[in-house]
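Presented below is the structure to which this report refers.
The values are calculated or read from the model by the stated rules, or taken from the named source; none is laboratory data. All values reported here derive from a predicted model rather than from experimental measurement. We place every Cβ from the backbone using ideal geometry, glycine too, and count neighbours over all the protein chains shown.
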Amino acid sequence: MARIELQEIAHSYISDPKDESDYALKRIHNEWEDGGAYALLGPSGCGKTTLLNVISGLLTPSQGRVFYDGTDVTGLPPEKRNIAQVFQFPILYDTMSVFNNLAFPLRNRGISESEVKERVLEVADILELTPFLKKRAAGLAADAKQKISLGRGLVRSDVAAILFDEPLTVIDPHLKWHLRRKLKEVHEQLNLTLIYVTHDQVEALTFADQVMVMYEGELIQTGTPQELFENPTHKFVGYFIGSPGMNFIPCTLDGDIARVDGAGIELDGEIAALGHKAQGKLELGIRPMYLEVHAQSVEGSIPARVKTVEDQGSFKVLTVNLAGNTLRAKLPEGQTVPGNEAWLRFPTQRTKLFADGRLVN
Amino acid sequence: MEKWENNKAWFLVLPVFIIVAFSSIIPLMTVVNYSIQDIWGPGQRVFVGAEWFKEMMASKRLHDALWRQFLFSGLVLLIEMPLGILLALAMPKRGWGVSASLVTISLPLLIPWNTIGTIWIIFTRPDIGLFGAAVNNFVEFDHTARSLDAWITLMLMEVWHWTPLVALLAYAGLRAIPEAYYQAAKIDGASAWSTFWYIQLPKMRGVLTIAFLLRFMDSFLIYAEPFVLTGGGPGNSTTFLSIYLVKIALLQFDLGPGGAFSLIYFVIVLLFCYMFYQALQRVGKGEKV
């Protein structure tokens, strides 16, 4: 186990990158603490896998350095870095038994057969693979196969970290939940450093203590699930986390008041002051669950036209039109749904200001 | 299950049936017809039952040709399979080298078979052939005079001609292995040999089975190249089954024994292909600890 540190990492798959868009990783400077459970969240193609491969050594970055516990490992291949990585699809050695599959990473490192046996049995027990140990790996179901892949990651007791690259993509939903819980248990039991790549926010938010959001080759925010939800520092985090995503409305500033097509929304004084100094396009951001909806005009509310109402079971999603902007509000069960006209109120503490896509604070 | 009342759809199979009849069934039945009769001329025939079969099965010359054939096919498979895999492993994986090596390696496959025989006759001639003359500087080498030399020449020609097929198939199999397998092997600390043995070879099993069967069938049925190169000689040393068969059926015009021989030959090929296929399907599928 180790603390992993990336210093000014950038990577391009093109041999002579010209501008920023040629880079798969733009500038990553980050640390992963020993024993933490991290999720790396982002849409497909944002560079998550590239980042993972840089950490494991499958890729040598174009720029920057990788450190494990302060030791520079940038030039080392994966087999010399002592790292484990689990891939999206189950990778098995088809001709071997489950036992031999699990033992493979250990035997390759010349570990004594008695210790191999001990470790394999231990890992098989954790992953509930014991009944299959003598079976050939090729004939098993997809989830058992992926468990073997996970097991090969877990079997070495001294790895710096285990990297997971969307490992549950091919697994059925109910088994997914089971395996995710298993991983969490393993993390608590063995206190390993885990980095888990996913594009599924539920998976990231339930698995990790710290979630890192990636967007177009950059790490744009790191924090607990709660922090990401309450204080997205980037417009993308607002969109990507939470369902439905954050509402954004272009606005102008007038003292402490944000103007949206004439209507005024009161802002926090400090934020407004910073907003006056900020460059670029200003936008208001508010989570659908914090946007208050009233059937009649209340103090500080502004009118909007109701477009649709979706009943999602325990809550309703109301789509309204405010001066040409589409907003969504989450209405708790039991609240009366306004007919044609709704009055929206933006609670000051929950209303965020963004300048050029970045949070003003 | 209920039966269909209208069975006219069967007529749709008719065109295929007619084509298959002309291409396979009728010729095969003609051979069967020859093999159970003694025919002297038009309208002069006698039913002889299994007599030709008995005669051919007991024929020493056929036995010799059969062993020769097994030796030849065995050597072909032993040399071409590993060599083809090695070639495929050595071929570049990306860039301009891929097309360059693919085209270069396929060239022998594009040459007509009797032309190949002719090329090698000239190539190995002791007086003017590049290979023959060069080798004769060190040791005496003449495939028209010495059985061993004839065999060496034949094997060289066969390996040169057909290893590319194995290499192409193996290359296709290699390219189909997802990159993640190699990445996982690196993470697991597998050596190059382990990667080959536990990933590449098992993943190539399908294409290698096809390559094995194709090479077995083709080498077991080989005719044009040895016919042109050695004509079955010197003596009978390179008289393979097909060459012997043509001698009986077309040169001596013994249609009865020829027909019986053809059918025996056919059954042997079929039997071996079936056995190989079954065995290769089972390789690495048994329960192991």
| Top-ranked residue in segment A:49-88 [being of a type outside the set (S, T, N, Q), within 14 Å of chain B (Cβ to nearest Cβ) and in a helix (DSSP H, G or I); ranked as farthest from residue A:169 (Cα to Cα)] | A:80
| query | In segment A:312-361, how many are more than 28 Å from the chain's Cα centre (by Cα) and among the aliphatic types (A, V, I, L, M)? | reply | 6
| query | Restricting the search to segment A:172-196, which residues are of a type in the set (A, V, I, L, M) and either farther than 23 Å from residue A:142 by Cα or in contact with a Phe, Trp or Tyr (Cβ under 6 Å, 6 or more places away or on another chain) (or both)? | reply | A:190, A:192, A:195
| segment A:89-106, subset within 25 Å of residue A:2 (Cα to Cα) and more than 7 Å from chain B (Cβ to nearest Cβ), residue surrounded by the most Cβ atoms within 10 Å (Cβ to Cβ) | A:102
| When you go through (1) in a helix (DSSP H, G or I); (2) surrounded by 16 or more Cβ atoms within 10 Å (Cβ to Cβ) one by one for residue B:271, which number turns out not to apply? | (2)
| request: Please enumerate the residues belonging to segment A:6-25 that are closer than 22 Å to residue A:211 by Cα and surrounded by fewer than 18 Cβ atoms within 10 Å (Cβ to Cβ). | output: A:7, A:8
| Quick one: which of B:190, B:172 is of a type outside the set (Val, Ile, Thr), at pLDDT 90 or above and within 30 Å of residue A:77 (Cα to Cα)? | B:172
| Selected residue (criterion: farthest from residue A:327 (Cα to Cα)) from residues of segment A:223-249 that are hydroxyl-bearing (Ser, Thr, Tyr) and in a loop (DSSP other than H, G, I, E, B) | A:224
| task | Pick out the one residue from A:152, A:119, A:109 that is at the interface with chain B (Cβ under 10 Å from one of its Cβ atoms), among the charged types (D, E, K, R) and assigned to a helix (DSSP H, G or I). | result | A:152
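Out of the residues in segment A:89-106 meeting the condition of being part of a loop (DSSP other than H, G, I, E, B) and under 31 Å from the mean Cα position of the chain (by Cα), tell me which one is farthest from residue A:133 (Cα to Cα).
Within segment A:89-106, the first condition is being part of a loop (DSSP other than H, G, I, E, B), and the residues that meet it are A:89-96.
Adding the requirement that they be under 31 Å from the mean Cα position of the chain (by Cα) leaves A:89-93.
On the way: A:89: 20, A:90: 17, A:91: 16, A:92: 14, A:93: 14 Å.
Per the criteria, the residue is A:89.
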| said: Which condition from (1) exposed (fewer than 14 other Cβ atoms within 10 Å of the Cβ); (2) under 24 Å from the mean Cα position of the chain (by Cα) is the one that residue B:79 breaks? | reply: (1)
| Search result, residues across segment B:167-184 that are among the hydrophobic types (A, V, I, L, M, F, W, C), closer than 23 Å to residue B:81 by Cβ, within 14 Å of chain A (Cβ to nearest Cβ) and in a helix (DSSP H, G or I) | none
| Is segment B:199-216 home to any residue that is among the basic types (Lys, Arg), buried (at least 16 other Cβ atoms within 10 Å of the Cβ), assigned to a helix (DSSP H, G or I) and without any contact (Cβ under 8 Å) to a residue 60 or more places away in the chain? | yes
| Filter result for residue A:170 (touching a Leu at 6+ places or on another chain (Cβ under 6 Å), more than 23 Å from residue A:34 (Cα to Cα) and not polar (S, T, N, Q)) | no
| task | With the condition kept exactly as written, say whether any residue in segment A:318-333 is loosely packed, with under 13 Cβ neighbours inside 10 Å and farther than 22 Å from residue A:257 by Cα. | result | yes
| task | Please go through segment B:117-151 and pick out each residue that is in contact with a His (Cβ under 6 Å, 6 or more places away or on another chain) and not small (Gly, Ala, Ser). | result | B:124, B:149
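Only one residue in A:54, A:66 is β-branched (Val, Ile, Thr), at pLDDT 85 or above, within 22 Å of residue B:182 (Cβ to Cβ) and in contact with a helix residue (DSSP H, G or I) (Cβ under 7 Å, 6 or more places away or on another chain). Which one? If you could, list the steps in order and put the result at the bottom.
On the way: A:54 fails: in contact with a helix residue (DSSP H, G or I) (Cβ under 7 Å, 6 or more places away or on another chain).
It is A:66.
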| message | So if I check each of B:88, B:50, which one is within 30 Å of residue B:105 (Cα to Cα) and either touching a residue at least 24 places away in the same chain (Cβ under 8 Å) or surrounded by 11 or more Cβ atoms within 10 Å (Cβ to Cβ) (or both)? | response | B:88
